[in-house]
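The structure appears right after this line, and notes come after that.
The values are calculated or read from the model by the stated rules, or taken from the named source; none is laboratory data. All values reported here derive from a predicted model rather than from experimental measurement. Note: ideal-geometry Cβ built from the backbone for every residue, glycine included; neighbour counts use all protein chains shown.
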């Protein structure tokens, strides 16, 4: 993270940007920036020690305030910069959507659902509108569940997201009764399958409490880190369900469930 931030600041920050950041951080932390003897001067004159000055500033900020790097990534320019310059790190930092649900995985999925559209919308909202990102994450899971049920033969799948999930588990043979009691790690597998429903319920409850669509109070206090948690969970679940569906289509199952 520190290395990415250093590169971001080195390539994107102007003297004015440093001044704004110092003001936003407050007098004590801001002084780390403004009183550094080389940072702004090196930037102003293009001196070769500018990179070292940035490292020194970031090191001091981290020493004074653990967790400060997470705050610094809230700059609205950092996410698109990281997406362009380090896609793998972007996938890890900004949610599992880009890492887990790729175009190659979704091209054979039911065309009634546009996963890529959900991912784009969610990614754009994680920092600028985390409540909307949580709402979109829940909508993505619900869309995946309904499309699986349509493939299972339901004309117009109805019910709340937990009811949909239970029917999907039955169709995908992901219910505890589908696991052989003699399977190695039987109790762990059963517990994991039960937690799938709890995960769906958790995403839905987050959306109801903080996401868009239910008149959530504003501001809610939700930030990018909360949205990434919901998005990562939703993307992981959606991917697992789609991969299981594809295995059933191909007439094969891998692993104990």
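Here the condition is being closer than 24 Å to residue 122 by Cα and at pLDDT below 85; of 255, 221, it holds for 221 alone.
Rundown of residues vs (1) part of a helix (DSSP H, G or I); (2) modelled with pLDDT of 80 or more, yes/no style:
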{"position": "209", "(1), (2)": "yes, no"}
{"position": "213", "(1), (2)": "no, no"}
{"position": "225", "(1), (2)": "yes, no"}
{"position": "229", "(1), (2)": "yes, yes"}
{"position": "240", "(1), (2)": "yes, yes"}
{"position": "244", "(1), (2)": "yes, yes"}
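Screening the candidates 173, 198 for the property of being modelled with pLDDT of 80 or more and in a helix (DSSP H, G or I) yields one hit, 198. Screening region 109-120 for residues that are in contact with a helix residue (DSSP H, G or I) (Cβ under 8 Å, 6 or more places away or on another chain) and surrounded by fewer than 18 Cβ atoms within 10 Å (Cβ to Cβ) and picking the one that is modelled with the highest pLDDT gives 116. Checking each residue in region 35-54 for being in contact (Cβ under 8 Å) with a residue 12 or more places away in the chain and surrounded by 15 or more Cβ atoms within 10 Å (Cβ to Cβ) picks out 36, 38, 39, 40, 43, 50, 53, 54. Selection of region 76-88 for residues being closer than 17 Å to residue 2 by Cβ and either out of contact with any helix residue (DSSP H, G or I) (no Cβ under 8 Å at 6 or more places or on another chain) or modelled with pLDDT under 80 (or both) yields 86, 88. The residues on offer are 162, 229, 206, and the sole one that is surrounded by fewer than 18 Cβ atoms within 10 Å (Cβ to Cβ) and under 30 Å from residue 76 (Cα atoms) is 229. Residue count for region 128-148 under the criterion of being over 13 Å from residue 160 (Cα atoms) and surrounded by fewer than 21 Cβ atoms within 10 Å (Cβ to Cβ): the result is 3.
Take the conditions in contact with a helix residue (DSSP H, G or I) (Cβ under 6 Å, 6 or more places away or on another chain), surrounded by 15 or more Cβ atoms within 10 Å (Cβ to Cβ) and without any contact (Cβ under 8 Å) to a residue 24 or more places away in the chain and apply them to residue 175. Does it pass? So residue 175 passes the test.
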